[in-house]
Amino acid sequence: MFRVRVNKIESIRDLDGNLGKRIELVEERQIPRFVVRPQSEEAKMVQEVLQTMQQQLPIFPARTEFAIPKIILFLTEQEYESLGIDFDVNQTYEIWLENQNIRFKKTT
């Protein structure tokens, strides 16, 4: 089992001109945080300023997740409807691969 997030959904046409969807799923993993302890007083002050900026300003995000492309689905409209899943961007799913099947479970 692994966890994916819907990163992107695009409208496409297949080779026959039928409308469909391209659904990009990325794997989500937690990146372990490494604690860096600066030696000098100046380095400690710089680290504190950067941490404060990351907390206060959205242009300096403190990311602890790392997204890795995992699955890209190319589905016609009929295949998408037959799948029975309404994918939404940023929605996360747990995926199981077993006995030649792929099973999706929406997480909350």
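The values are calculated or read from the model by the stated rules, or taken from the named source; none is laboratory data. Predicted model only: the values in this text are computed from it and were never measured. Cβ: placed from backbone, ideal geometry, glycine included. Neighbour counts: every protein chain shown.
Some values worked out for this structure:
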quantity: Residue satisfying condition, being among the hydrophobic types (A, V, I, L, M, F, W, C), within 20 Å of Ile102 (Cα to Cα), at pLDDT 90 or above and surrounded by 12 or more Cβ atoms within 10 Å (Cβ to Cβ), within set Leu19, Leu75; calculated: Leu75
quantity: Some residue of the range 7-15 being within 17 Å of Ile102 (Cβ to Cβ), at pLDDT 80 or above, of a type in the set (A, V, I, L, M, F, W, C) and under 25 Å from the mean Cα position of the chain (by Cα); calculated: no
quantity: Residue selected from the range 59-72 under the condition part of a loop (DSSP other than H, G, I, E, B) and β-branched (Val, Ile, Thr), by the criterion modelled with the lowest pLDDT; calculated: Thr64
